[in-house]
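Taking it in order: structure first as structure tokens, then the write-up.
The values are calculated or read from the model by the stated rules, or taken from the named source; none is laboratory data. Because the structure is predicted, anything quoted here is derived from the model rather than measured. Using ideal geometry, Cβ is built from the backbone for each residue, glycine included, and neighbour counts are taken over all protein chains shown. Areas reflect the complete protein model, heavy atoms only, side chains present, ligands, DNA and RNA absent. Shrake-Rupley method; radii C 1.70, N 1.55, O 1.52, S 1.80 Å.
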Amino acid sequence: MLAFLCRIALVGLALALMPISDLTAAGASPSEIEQAVQAYANKLKADQEKATDQAVANRTTALLRDPATPVLGNPEGDVAVVEFFDYTCPFCKAVEPRLQQLLKDDKGVKLIIKEFPILRPVSLVAAKAALASVKQGKYESLHQALIGFRGQLETPTVFEIAKSVGLDTDRLRKDMDAPEIADQIIANFNLARALNITTTPAFIVGTHMLTEPSAEIDFAKTVAAARAK
């Protein structure tokens, strides 16, 4: 068995150095090639995840302690879940009830919200409105209303929703133009770029970037693992 595993390792090494056709010519069996390919792919994935987690660890201040970033749940929670999201993203909308359930079930979680408006022009309008609503103490209300909206989000709709949750929309429009709002969104884009985040939603739990599709994430289990560390 040890000899077979050593042979697989050698085939994996060869895989990194020569085409598969050359491996076959060198005498590796189809089964050995298949196992070596899988082992090589697993190693690449592990190396990539390690590099990503190191990038996350290097940016914990921006991710976890930025005073301008809204936080839902328990601000003093012992486990942080960071979400990069877009208000027009259907996957963000689909995962939201599970996030809310997590916050309800686990009072030790803080959900750090990174506005990341990348999908449509109205995404930027919605993100700016949400960040500006902080000045009226309505961020959570507007965030939940926007993420819960079903239908085609357009600019007038953003302000209709804002009004429905009690915001002064005239003041909101002015606050949206404040330099710090643009600065916050730019900072989020720069942070996402540094972490190679290109889609929404993207999640970081503790200091680990989640790579599975959002529909497959077991948030309670992932939070428990982060807490155990």
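Considered as a group, the residues in the stretch 142-186 that are open to solvent by 80 Å² or more (accessible area, probe 1.4 Å) and of a type in the set (S, T, N, Q) include one that is modelled with the highest pLDDT, and that residue is 164.
If the condition is being of a type in the set (Phe, Trp, Tyr) and assigned to a helix (DSSP H, G or I), then the stretch 126-175 contributes 139, 159.
This table checks each residue for (1) on the phi < 0 side of the Ramachandran plot; (2) modelled with pLDDT of 95 or more; (3) open to solvent by 80 Å² or more (accessible area, probe 1.4 Å); (4) not in a helix (DSSP H, G or I).
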{"residue": "38", "(1), (2), (3), (4)": "yes, no, yes, no"}
{"residue": "50", "(1), (2), (3), (4)": "yes, no, yes, no"}
{"residue": "72", "(1), (2), (3), (4)": "yes, yes, no, yes"}
{"residue": "82", "(1), (2), (3), (4)": "yes, yes, no, yes"}
{"residue": "93", "(1), (2), (3), (4)": "yes, yes, no, no"}
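Residue 206: in contact with an Asp or Glu (Cβ under 8 Å, 6 or more places away or on another chain) and under 30 Å from residue 56 (Cβ atoms), yes or no? Against the criterion (in contact with an Asp or Glu (Cβ under 8 Å, 6 or more places away or on another chain) and under 30 Å from residue 56 (Cβ atoms)), residue 206 does not qualify.
Is one or more of the residues making up the stretch 124-139 farther than 24 Å from residue 186 by Cβ, surrounded by fewer than 21 Cβ atoms within 10 Å (Cβ to Cβ) and in contact with a strand residue (DSSP E or B) (Cβ under 7 Å, 6 or more places away or on another chain)? No, the stretch 124-139 contains no residue that is farther than 24 Å from residue 186 by Cβ, surrounded by fewer than 21 Cβ atoms within 10 Å (Cβ to Cβ) and in contact with a strand residue (DSSP E or B) (Cβ under 7 Å, 6 or more places away or on another chain).
Sort through 188, 196 and tell me the only one that's over 22 Å from residue 105 (Cα atoms) and part of a helix (DSSP H, G or I).
Working: 196 fails: part of a helix (DSSP H, G or I).
On inspection, the qualifying residue turns out to be 188.
Which of the residues belonging to the stretch 95-114 are among the charged types (D, E, K, R), open to solvent by less than 30 Å² (accessible area, probe 1.4 Å) and touching a Phe, Trp or Tyr at 6+ places or on another chain (Cβ under 7 Å)? If the condition is that a residue be among the charged types (D, E, K, R), open to solvent by less than 30 Å² (accessible area, probe 1.4 Å) and touching a Phe, Trp or Tyr at 6+ places or on another chain (Cβ under 7 Å), then 114 is the only one that fits.
Taking residue 68, is it open to solvent by 20 Å² or more (accessible area, probe 1.4 Å) and among the hydrophobic types (A, V, I, L, M, F, W, C)? Considered against the rule, which asks whether it is open to solvent by 20 Å² or more (accessible area, probe 1.4 Å) and among the hydrophobic types (A, V, I, L, M, F, W, C), residue 68 comes out as yes. For the stretch 204-229, filtering for residues that are in a loop (DSSP other than H, G, I, E, B) and either open to solvent by 50 Å² or more (accessible area, probe 1.4 Å) or over 20 Å from residue 93 (Cβ atoms) (or both) leaves 7.
Would you call residue 118 open to solvent by less than 10 Å² (accessible area, probe 1.4 Å) and either farther than 16 Å from residue 158 by Cα or part of a strand (DSSP E or B) (or both)? Criteria not met by residue 118.
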